[in-house]
Amino acid sequence: MVAAQKFNEMNNGSIRIIYGAITSGDRWKFLKLESQTVTIGLTEYNIPPVDKVLGILLSFVSSGS
């Protein structure tokens, strides 16, 4: 996430919020990097059910940030 933030800054494409995910394949956690602050979600999402994980990923794309 930090690398993506730096890449964007160097290419004049600063993006205010960078979202990320950590997964073991069946468990997911989500993160948000805003400026120099990382927010790590406390909830681990299991697959199945896949609908919650897909909903979170969709919210990243549709947030417009």
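Only the coordinates and a few stated rules stand behind these numbers; no lab work does. Note that the structure is a prediction, hence the values are computed from the model and not measured. Please note: Cβ atoms are built from the backbone with ideal geometry, for glycine as well, and neighbour counts cover all protein chains shown.
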Under the 7 Å Cα-to-Cβ spin-label approximation, residue 1 and residue 63 lie apart by a distance in nanometres of 0.9
With Rg from the Cα atoms and Rh as the Kirkwood inverse mean 1/r over Cα pairs, the chain has an Rg/Rh of 1.02
Answer in debye to the nearest 20: the dipole magnitude of the chain about its Cα centre, from +1 Lys/Arg and -1 Asp/Glu charges placed on Cβ, is 80
So, relative contact order of the chain in percent, Cα under 8 Å, 6 or more apart, is 24
Once residue 50 and residue 35 are pulled to full extension, the length gained, defined as 0.36 nm per residue separation minus their Cα-Cα distance, is 2.4 nm
So the angle from the long Cα axis of helix 51-62 to the longest Cα principal axis of the chain, reported in degrees to the nearest 10, equals 20
